[in-house]
Amino acid sequence: MKIAFVGKGGSGKTTLSSLFIRHLATTGAPVVAVDADINQHLGPALGLDEAEAAALPAMGERLPLIKDYLRGSNPRIASIETMIKTTPPGDGSRLLRVREDNPVFDACARPVELEGGAVRLMVTGPFTDADLGVACYHSKTGAVELCLNHLVDGPDEYVVVDMTAGSDSFASGMFTRFDITFLVAEPTRKGVSVYRQYKEYARDFGVALKVVGNKVQGQDDLDFLRAEVGDDLLITVGHSNWVRALEKGRPPRFELLENANRRALSRLQSAVDATYELRDWERYTHQMVHFHLKNARSWGNERTGADLAAQVDPSFVLGESVAATA
């Protein structure tokens, strides 16, 4: 299952995504965690020190390797130079699976021991001074989108992506790559305005969107969120001494997380698991192709010098049955 955590800067989405990843680790489920935020904080939130986090291999710097592997023997893709972040898979493409070992995971993922289990952590890499004036950050998250386009995941497998704040994910269609999106919102007008913007953008694409109310301190905050987001409000989270200790670099054992917050994380997992029966691989593939053709027309064809519409394999539908025979 593919899960996105989104929200404005400072909303607490990285903290909540890290708590959810820790929770999943306690269940023994296979987890791939991806830091796709412009501010790379997921590693430290999962307990890495600064040196360990800085040493994580950046997906953005390994994009040629990722493209070469995913391209496989697909005859519709002439070269990796003609692959863009929205290039869809087709006959001959290599697909990614959560439980496997492959060159992409070998190059870009590192195991992080958590709560008696382990997760694979991948990072896009930070936005650096060298990027100023010459690149948009979503050019780096293109590596994440390519991987999601070629990923076939099943039930009880989890890919958790901490997304960049703001609307970058709408630039290419990455917001449609998830089974469910958790929008972390504070009980403020600015917090709910981000929810309204996201819901409006995603409205026509069948995006499953649920709100996680954060920093909720009392009934007034709860009433405000319920009035503003209605049934989309899934859970609320308040002050946590465990999180405060984590932010100081001294996290207690995860089993000591407050009971209310542990129950909230279980509700997140239940909401994720419930989306499996709603999966529509044909729609997922159609949306992938839709945004690829849109990007091809707007900039991709000119940048690569190729007709990127020719990369679309009209008979290919991504899905678990395809992965089984690939």
* Asked: Does L256 meet the test of being in contact with a strand residue (DSSP E or B) (Cβ under 7 Å, 6 or more places away or on another chain), of a type in the set (A, V, I, L, M, F, W, C) and without any contact (Cβ under 8 Å) to a residue 60 or more places away in the chain?
  -> no
* Structure fact -> Note on the range 174-213: residues over 30 Å from K85 (Cβ atoms), open to solvent by 10 Å² or more (accessible area, probe 1.4 Å) and either touching a residue at least 12 places away in the same chain (Cβ under 8 Å) or touching a Cys at 6+ places or on another chain (Cβ under 9 Å) (or both) are E186, P187
* Restricting the range 122-169 to residues that are of a type in the set (D, E, K, R), closer than 27 Å to T275 by Cα and not in a helix (DSSP H, G or I), the residue that is modelled with the lowest pLDDT -> D156
* **Qualifying positions in the range 63-112 - among the basic types (K, R) and more than 18 Å from the chain's Cα centre (by Cα)** => K67, R71, R76, R94
* Structure fact -> Restricting the range 38-73 to residues that are open to solvent by 60 Å² or more (accessible area, probe 1.4 Å) and either hydroxyl-bearing (S, T, Y) or touching a Phe, Trp or Tyr at 6+ places or on another chain (Cβ under 8 Å) (or both), the one modelled with the highest pLDDT turns out to be S73
* Taking only pairs six or more apart or across chains, which ones have beta-carbon atoms under 7 Å, a first residue in the range 105-124 that is aromatic (F, W, Y), and a second residue that is open to solvent by 10 Å² or more (accessible area, probe 1.4 Å)? -> F105/R120
* **Any hit, the range 2-22, residues being open to solvent by 10 Å² or more (accessible area, probe 1.4 Å), of a type in the set (S, T, N, Q) and without any contact (Cβ under 8 Å) to a residue 40 or more places away in the chain** => no
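The values are calculated or read from the model by the stated rules, or taken from the named source; none is laboratory data. Not measured: the values here are computed from a predicted model. Reconstructed Cβ throughout: ideal geometry from the backbone, glycine too, with neighbour counts over all protein chains shown. Quick note on the areas: whole protein, heavy atoms, side chains included, nothing else; ligands and nucleic acids left out. Shrake-Rupley method; radii C 1.70, N 1.55, O 1.52, S 1.80 Å.
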